[in-house]
Amino acid sequence: MNRLGLPELDKLFDPIGVDPRGRLPRMRPGAEDVDVEVVGAGVIGLTCALELARAGRRVRVVCEQPPAQTTSAVAAAIWFPYAAAPAERVLGWGGTALRRFLDLADDAETGIVVRGGVMCHRVENPDMAWTAEVAGHRPARADELPPGVPAGTWCEL
């Protein structure tokens, strides 16, 4: 089983390597054994593949490297709802993802770690709708803000 404890991923993964010229082999148009081929086994590719499979699609992940050898396996990231539309749906999706990440952070094997810090704002009164999904946030104190930053929010993400 994979490190995330998601057995669904094991049946989707199909490392295919590259040809001698460094290119991925062609995907299989019209393949009858899959509905969707997802390119890449990083966090985005695997997340897409997993959600498509959970929605009932037959999925194949086409990738050069196994997930543990991708940039996603070692790259740091921070959760924050992206400024996209429709805002209320994006915030809901972001909240769902954050809750899942927090659950995964309870298992050291996942590599997900929650850290506290200050989200710096460019303006004194920014849109704070995202804080509805973040427990324990508070306005940053003046001594927590870098010089020239008018406001901030301390939170754990």
Q.
If residue 76 satisfies all but one of (1) touching a residue at least 12 places away in the same chain (Cβ under 8 Å); (2) open to solvent by 70 Å² or more (accessible area, probe 1.4 Å), what's the number of the condition it fails?
A. (1)
(Q) From the list 89, 100, 54, exactly one residue is closer than 30 Å to residue 32 by Cα and at pLDDT below 90. Which is it? (A) 54
Q: Within region 86-107, work out how many residues are open to solvent by less than 100 Å² (accessible area, probe 1.4 Å) and more than 15 Å from the chain's Cα centre (by Cα).
A: 3
Q.
Quick check on this structure: which one of 153, 96, 47 is in contact (Cβ under 8 Å) with a residue 24 or more places away in the chain and hydroxyl-bearing (Ser, Thr, Tyr)?
A. 153
Q: Taking the options 126, 139, 147, name whichever one is without any contact (Cβ under 8 Å) to a residue 12 or more places away in the chain and over 16 Å from the mean Cα position of the chain (by Cα).
A: 147
Q. Does residue 131 satisfy the condition of being among the hydroxyl-bearing types (Ser, Thr, Tyr), surrounded by 11 or more Cβ atoms within 10 Å (Cβ to Cβ) and assigned to a helix (DSSP H, G or I)?
A. yes
Q) Is there a residue being open to solvent by 30 Å² or more (accessible area, probe 1.4 Å), assigned to a loop (DSSP other than H, G, I, E, B), among the β-branched types (Val, Ile, Thr) and out of contact with any strand residue (DSSP E or B) (no Cβ under 9 Å at 6 or more places or on another chain) anywhere in region 141-155? A) no
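The values are calculated or read from the model by the stated rules, or taken from the named source; none is laboratory data. For clarity, every value in this text was computed on a predicted model and none was experimentally measured. Positions of Cβ are generated from backbone atoms using ideal geometry, with glycine treated the same way; all protein chains shown enter the neighbour counts. Accessible surface is based on the protein model in full, side chains and every heavy atom, while ligands, DNA and RNA are left aside. Shrake-Rupley method; radii C 1.70, N 1.55, O 1.52, S 1.80 Å.
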